């Protein structure tokens, strides 16, 4: 029987991070919460076979990224929306509340978006991102390079338009 206490601790410690990463990939906070819940439900069903927090973290992120990609494909390209209200404490909400960032992220192909969110925002090593996304490290590096280039171009155009 899986240890519910250790799962609860892992869940409390990692839920916000999973939701934020999914929100950045999906450009939709509510859908991200649903995907994160499903990823943790799937983790729980395998909890007895999990070999520590690193294994659990890789499993839940990999599952969440697959579910997020499937949901975005099902719904079509995400439509970024600017959030109303003041500044948020959650970095994902803050990023998504800036229309330019949300538009730039939503313009990336899914694999590029996932790679840049997992590597640059969530802080995973390239090898970990490769394992989560089921690709070679060199492929992740290509996705990262292209994503960063597209983000720089999109965000610098927005900045010039605002200041010019």
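Within segment 21-80, the set of residues being over 13 Å from the mean Cα position of the chain (by Cα) and not in a helix (DSSP H, G or I) comprises 46, 50, 51, 52, 76, 77, 78, 79, 80. Note on segment 14-39: residues that are without any contact (Cβ under 8 Å) to a residue 40 or more places away in the chain and either surrounded by fewer than 18 Cβ atoms within 10 Å (Cβ to Cβ) or more than 28 Å from residue 74 (Cβ to Cβ) (or both) amount to 6. Scan segment 106-121 residue by residue and report those that are in a loop (DSSP other than H, G, I, E, B) and surrounded by fewer than 19 Cβ atoms within 10 Å (Cβ to Cβ). Residues satisfying the conditions are 107, 109.
For residue 146, state whether it is more than 23 Å from residue 31 (Cβ to Cβ) and at pLDDT below 60. Taking the combined requirement at face value, the residue does not satisfy it.
The values are calculated or read from the model by the stated rules, or taken from the named source; none is laboratory data. Every value quoted in this text rests on a predicted model; they were computed, and no experiment measured them. Glycine gets a Cβ as well: all are built from the backbone with ideal geometry, and neighbour counts include every protein chain shown.
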